[in-house]
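What follows is one structure encoded as structure tokens, with my remarks underneath.
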Amino acid sequence: MRRRPVRPGAVLRNAAALVLAVVFVFPVYWMFSSSLKPQAEILSKDPVFLFTPTFENYPTATGVDLFWTYVGNSLTITVGAVLLALVVALAASFAIARLKFRGRKGLVLAVMMAQMAPWEVMVIVMYMIARDADMLNSVPLLTAVYFVMVLPFTIWTLRGFIAAVPVELEEAAQIDGCTRGQAFRKVIFPLLAPGLMSTSLFGFITAWNEFAMVLILNKEKTAQTLPLWLTQFQTAFGNDWGATMAASTLFALPVLIVFLFLQRRAVGGMTAGAVKG
């Protein structure tokens with residue numbers, strides 16, 4: 001059996017891919033390995049790759065006051081914002097993809113502009129509205145803010161998936177006796193699983209990692225989330241880097257778990273929903 005000749009182009013592409021993989025994976029490795037090192041080895045002048053693991057940094061990280069309050073707030077806000085965005089986006093994306101009405105193009109343009117606009121420019125306006133509504137330092141406020149942040153992407157992505165479903169399937173279901181709502185629930189909705197997975201993943205990552213909004217809108221610790229927990233490891237002698245790395249590792253775990261759970265459908269959803277329709 002004759003071996004295929006090695007192409008220089010393929011070798012270069014593989015080498016470049018390997019370099020990129022190292023560049024992206026190494027910070028994660030260093031974060032995790034540093035969480036298992038004592039403080040002296042973390043602050044060592046020379047990098048330490050071989051060491052005896054210790055878990056002493058993890059009790060320090062989770063022993064912060066109100067740690068479980070931060071966890072509960074993050075889960076409540078993130079899951080609430082994602083679920084609300086999915087419910088509203090399903091209705092909006094179906095209307096955009098299937099219905100003909102006046103102002104449809106303007107609605108699509110507004111969704112695109114909302115997706116492109118940096119949310120940081122709205123912080124002052126959001127703060128003033130929340131202050132006047134007496135909603136500062138509350139979990140419902142952050143849930144609403146994060147819901148608005150992830151909604152445009154969710155609408156845009158699901159619109160592509162609904163538009164990609166042949167109208168004939170929906171019409172056939174209606175001929176068989178289904179109402180329009182039943183046709184959506186029984187025919188279209190099951191085909192939207194990749195889109196739902198990809199938008200859920202994006203929304204979860206966005207809301208879970210968001211820092212600026214909670215820093216400005218929620219000053220009370222009882223209404224804060226895990227991103228602010230990561231800032232609490234400064235002492236009079238400097239940063240406790242071991243606890244910081246342990247906290248960062250714990251903070252990244254939920255996102256990793258959600259990604260591994262949704263990855264098969266989410267990867268296809270991110271590429272398909274953005275270009276179809």
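The set of residues in region 103-140 being within 23 Å of Gly203 (Cβ to Cβ), open to solvent by 60 Å² or more (accessible area, probe 1.4 Å) and of a type in the set (A, V, I, L, M) consists of Leu107, Leu109, Met112, Met113, Met116, Val121, Met122, Val125, Ile129, Met135. For Thr62, are the conditions met, namely being of a type outside the set (A, V, I, L, M) and surrounded by 14 or more Cβ atoms within 10 Å (Cβ to Cβ)? Here the answer is yes, as Thr62 does meet what is asked.
If the condition is being within 27 Å of Lys221 (Cα to Cα) and surrounded by 15 or more Cβ atoms within 10 Å (Cβ to Cβ), then region 29-55 contributes Met31, Ser35. Of the residues making up region 165-174, at least one is of a type outside the set (D, E, K, R), free of Cβ contacts under 8 Å to residues at least 24 places away in the same chain and crowded, with 17+ Cβ neighbours inside 10 Å. Kindly indicate whether Ala89 is in contact with a Leu (Cβ under 6 Å, 6 or more places away or on another chain) and in contact (Cβ under 8 Å) with a residue 24 or more places away in the chain. Considered against the rule, which asks whether it is in contact with a Leu (Cβ under 6 Å, 6 or more places away or on another chain) and in contact (Cβ under 8 Å) with a residue 24 or more places away in the chain, Ala89 comes out as yes. Let me confirm something: among Phe55, Phe49, which residue is part of a loop (DSSP other than H, G, I, E, B) and at pLDDT 90 or above? On inspection, the qualifying residue turns out to be Phe55.
The values are calculated or read from the model by the stated rules, or taken from the named source; none is laboratory data. As the structure is a computational prediction, the values presented were derived from the model and not from experiment. As a convention, Cβ positions derive from the backbone with ideal geometry for all residues, glycine included, and neighbour counts pool all protein chains shown. For accessibility, only protein heavy atoms count, side chains too; no ligands or nucleic acids. Shrake-Rupley method; radii C 1.70, N 1.55, O 1.52, S 1.80 Å.
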